[in-house]
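Everything below concerns the one structure shown next.
The values are calculated or read from the model by the stated rules, or taken from the named source; none is laboratory data. Computed from a predicted model, the values in this text were never measured in an experiment. Reconstructed Cβ throughout: ideal geometry from the backbone, glycine too, with neighbour counts over all protein chains shown. Side chains are part of the model used for accessible areas, which takes the heavy atoms of the whole protein and leaves out ligands, DNA and RNA. Shrake-Rupley method; radii C 1.70, N 1.55, O 1.52, S 1.80 Å.
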Amino acid sequence: MERSFGIEMEFKGLTMQQSLAALRNAGLKAQIEGYNHNDHADGTWKIVTDASVTGGHEVVSPILRGEAGLDEACRAAEAMENAGASIDKECGLHAHFDAASFTASELRTACLRYAKFEAEIDAFIPKSRLGNENINNL
């Protein structure tokens, strides 16, 4: 797999400075920023506020690619866990996948597969994060 992707991990239990130290101690380039949608071509992880997480924030990856990117994402998640970050029903994990190279047929296949397995996907997501239920938790 060489497709590029990015993740956003929402956490509580740490200050932004503690998250910064955790990522840097794991050997990752990181900085605290105001909320934005900027990507860092230099591999910098962003720590930004997130209005949907009371008393928390999110850690946003740079554009990652392939197995090396998966390894880096795991290293970041482990760093946050080891530092004492916590999650609750307000926190989420968002993944973004580059589909720019998809043909119409591949996009159709992806949509059909999602539709086929939607019930299984929803089964491991808490009810509080599904559909309109999530609106009441903010």
For this session: Look through region 96-121, keep the residues that are of a type in the set (S, T, N, Q) and either under 20 Å from the mean Cα position of the chain (by Cα) or assigned to a helix (DSSP H, G or I) (or both), and return whichever of them is farthest from I47 (Cα to Cα).
Result: S105
Exercise. Would region 58-81 turn up any residue that is in a loop (DSSP other than H, G, I, E, B), within 25 Å of R129 (Cα to Cα) and open to solvent by 30 Å² or more (accessible area, probe 1.4 Å)?
Worked result: no
Exercise. Looking at (1) within 19 Å of M9 (Cα to Cα); (2) open to solvent by less than 90 Å² (accessible area, probe 1.4 Å), which is the one condition that is false for G131?
Worked result: (1)
Problem set entry | Unmet requirement for P62, which otherwise passes all of (1) on the phi > 0 side of the Ramachandran plot; (2) at pLDDT 95 or above; (3) not polar (S, T, N, Q) | (1)
Problem set entry | Candidate set: region 82-95, residues that are surrounded by 14 or more Cβ atoms within 10 Å (Cβ to Cβ) and under 12 Å from the mean Cα position of the chain (by Cα); chosen: the one farthest from L14 (Cα to Cα) | G92
Exercise. Can you name the condition, by its number, that Y35 falls short on among (1) within 14 Å of the chain's Cα centre (by Cα); (2) touching a residue at least 12 places away in the same chain (Cβ under 8 Å); (3) open to solvent by 50 Å² or more (accessible area, probe 1.4 Å)?
Worked result: (1)
